[in-house]
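The values are calculated or read from the model by the stated rules, or taken from the named source; none is laboratory data. The shown structure was predicted, so the numbers you read here are calculated from the model rather than taken from an experiment. Cβ sites come from the backbone with ideal geometry, for glycine too, and all protein chains shown count toward neighbours.
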Amino acid sequence: MNALVPVLAQEQGSPLGLLFILVPFGLLIYLMIVPQRKQRARQQQLVSSLSAGDEVVTAGGIVGVINVVEDDLVHLEVDNDVVIRVAKGSVSRNLSEPAEESKGGFLSGLLGGGGGGGGASSDDDGGDAPVVSRRVTPKQSGKGSGDGAGGR
């Protein structure tokens, strides 16, 4: 801040000094508010379009099929005969609809955002690593194992 004082003091009558301060702040505020408004509008549209039979993902990562839609709640069937109630606002994505591609924004290449290209990852291994998914089942306790915790 001390470096700006002499510059502004030299140009007392010129609005150019004030312009140098206000334009970056205005640009910063614009770049922060506009994406938030777009995200809020997308979330409102998603919540209003929820209906029974949609497969959705909650903000906590729970995947389920909507059975009942109430005012502020939805009933998700997450497994056979397992139904949980979650807030409509916690639904983050509808898997029944195709995912929209992120086009990337003005700064997405510089900031590492998705879709826009331009920025290279520092941990790039030259190819896509396969994703391995395993279902872990508990071991059946055999003879003499007691509660299953022994022997380790």
Exercise for the section: Report yes if GLU101 is in a loop (DSSP other than H, G, I, E, B), within 18 Å of the chain's Cα centre (by Cα), farther than 30 Å from TYR30 by Cα and at pLDDT below 90, otherwise no. Expected result: no
Exercise for the section: Show the residue pairs that are 6+ apart or on different chains and have beta-carbon atoms under 6 Å apart, the first residue being within segment 34-50 and in contact (Cβ under 8 Å) with a residue 40 or more places away in the chain and under 21 Å from GLU70 (Cα atoms), the second being surrounded by 10 or more Cβ atoms within 10 Å (Cβ to Cβ) and charged (D, E, K, R). Expected result: VAL47/LYS88
Practice task
Of the conditions (1) assigned to a loop (DSSP other than H, G, I, E, B); (2) modelled with pLDDT of 90 or more, ASP71 clears all except one; give me its number.
Solution key: (2)
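Yes or no, residue by residue, for (1) among the β-branched types (Val, Ile, Thr); (2) modelled with pLDDT of 85 or more:
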{"position": "LEU8", "(1), (2)": "no, no"}
{"position": "VAL23", "(1), (2)": "yes, yes"}
{"position": "LEU31", "(1), (2)": "no, yes"}
{"position": "GLN45", "(1), (2)": "no, yes"}
{"position": "VAL57", "(1), (2)": "yes, yes"}
Handout entry: Qualifying position, being within 20 Å of the chain's Cα centre (by Cα) and farther than 27 Å from ASN94 by Cβ, among LEU31, LEU22, LEU46, LEU27
Key = LEU31
